[in-house]
Amino acid sequence: SQQGEEDPQALSIQEGENATMNCSYKTSINNLQWYRQNSGRGLVHLILIRSNEREKHSGRLRVTLDTSKKSSSLLITASRAADTASYFCATDSTSGGSYIPTFGRGTSLIVHP
Amino acid sequence: AAGVIQSPRHLIKEKRETATLKCYPIPRHDTVYWYQQGPGQDPQFLISFYEKMQSDKGSIPDRFSAQQFSDYHSELNMSSLELGDSALYFCASSTNRARNTEAFFGQGTRLTVV
């Protein structure tokens with residue numbers, strides 16, 4: 001599988017519940033970024049976590065990173081219908097010395113009001 | 001705050017035609033990336049530029065070319081368009097001098113080839 005694989009691929013929850021999405025990757029990384037994409041729209045940067053960080057918070061978002069397991073999770077607490085979107089993780093892939101965000105397949109989150 | 005600007009937002013072309021997509025990065029960002037996202041797919045890296053020079057190449061077809069200009073804006077040129085080129089094309093920019101920097105994406109150009 002490719003760098004940055006998210007699971008589950010689809011998640012359906014009720015408003016107010018928490019949503020957890022996971023991302024696994026294969027190679028060593030420098031950082032991992034989470035993005036959100038509303039249907040057919042642009043990618044919105046949510047949070048970046050560095051390889052020497054284990055946890056990061058931003059509002060209702062909590063991201064963890066476990067470099068030993070090469071995995072990350074994105075937790076959205078107290079979800080809202082407006083959180084309905086696809087969520088992608090992107091890991092930096094070094095190629096020729098530069099850093100290229102490499103995306104996985106994404107998790108489609110549906111939050112029912 | 002200024003974001004990454006892409007134009008046009010939507011484009012409809014016929015097969016075998018040519019298309020040019022434009023990207024204006026965030027001011028003072030020195031790196032531009034281009035991605036292609038097909039329906040239901042994840043964004044695929046096409047090509048990137050650092051300080052107006054091509055830095056990396058991904059899965060960009062030979063029919064496509066790109067460049068970054070002196071004002072740091074970038075253009076993706078697509079020739080001999082095929083139906084399979086219909087996709088959302090994103091441009092992103094970052095300051096790549098420091099490794100731990102976010103890449104910010106534009107709203108994308110939706111290209112439909114008919």
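The values are calculated or read from the model by the stated rules, or taken from the named source; none is laboratory data. Quick caveat: nothing in here was measured; it's all calculated off a predicted structure. Every residue, glycine as well, gets a Cβ built from its backbone with ideal geometry; the counts of neighbours run over all protein chains shown. Keep in mind that these areas ignore ligands, DNA and RNA; they rest on the heavy atoms of the full protein, side chains included. Shrake-Rupley method; radii C 1.70, N 1.55, O 1.52, S 1.80 Å.
One table, with the values for the structure above:
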{"item": "Hits in the range A:37-70 - residues which are more than 19 Å from residue B:93 (Cβ to Cβ), at the interface with chain B (Cβ under 10 Å from one of its Cβ atoms) and not in a strand (DSSP E or B)", "result": "A:40, A:51, A:52, A:53"}
{"item": "Residue B:70 being within 14 Å of residue B:4 (Cα to Cα) and not aliphatic (A, V, I, L, M)", "result": "no"}
{"item": "Some residue of the range B:105-113 being β-branched (Val, Ile, Thr), in contact with a helix residue (DSSP H, G or I) (Cβ under 9 Å, 6 or more places away or on another chain) and in contact (Cβ under 8 Å) with a residue 24 or more places away in the chain", "result": "yes"}
{"item": "Condition check for residue A:79: in contact (Cβ under 8 Å) with a residue 24 or more places away in the chain, away from chain B (no Cβ under 14 Å) and under 18 Å from residue A:106 (Cβ atoms)", "result": "yes"}
{"item": "Number of positions in the range A:62-74 that are in contact with a strand residue (DSSP E or B) (Cβ under 6 Å, 6 or more places away or on another chain) and surrounded by fewer than 16 Cβ atoms within 10 Å (Cβ to Cβ)", "result": "0"}
{"item": "Matching residues, the range B:1-40, being open to solvent by 60 Å² or more (accessible area, probe 1.4 Å), outside any strand (DSSP E or B) and either in contact with a strand residue (DSSP E or B) (Cβ under 8 Å, 6 or more places away or on another chain) or more than 11 Å from chain A (Cβ to nearest Cβ) (or both)", "result": "B:1, B:2, B:9, B:14, B:15, B:16, B:17, B:18, B:27, B:28, B:39"}
{"item": "Unique residue being of a type in the set (D, E, K, R), within 22 Å of residue B:6 (Cα to Cα) and open to solvent by 10 Å² or more (accessible area, probe 1.4 Å) when the list is A:54, A:80, A:41, A:105", "result": "A:41"}
{"item": "Filtered residues of the range A:16-36 (kept if within 11 Å of chain B (Cβ to nearest Cβ) and either surrounded by fewer than 16 Cβ atoms within 10 Å (Cβ to Cβ) or closer than 18 Å to residue A:77 by Cα (or both))", "result": "A:30, A:34, A:35, A:36"}
{"item": "Residue match in the range B:72-83 (condition: of a type outside the set (A, V, I, L, M, F, W, C) and free of Cβ contacts under 8 Å to residues at least 40 places away in the same chain)", "result": "no"}
{"item": "Number of the condition not met by residue B:66 [criteria: (1) more than 12 Å from chain A (Cβ to nearest Cβ); (2) surrounded by 19 or more Cβ atoms within 10 Å (Cβ to Cβ); (3) farther than 15 Å from residue A:100 by Cβ]", "result": "(3)"}
{"item": "Positions within the range B:89-111 being open to solvent by 10 Å² or more (accessible area, probe 1.4 Å) and either modelled with pLDDT of 95 or more or among the hydroxyl-bearing types (Ser, Thr, Tyr) (or both), in sequence order", "result": "B:95, B:101, B:110"}
{"item": "The lone exception for residue A:13 - which of (1) surrounded by fewer than 17 Cβ atoms within 10 Å (Cβ to Cβ); (2) more than 14 Å from every other protein chain (Cβ to nearest Cβ); (3) more than 15 Å from the chain's Cα centre (by Cα) it fails", "result": "(1)"}
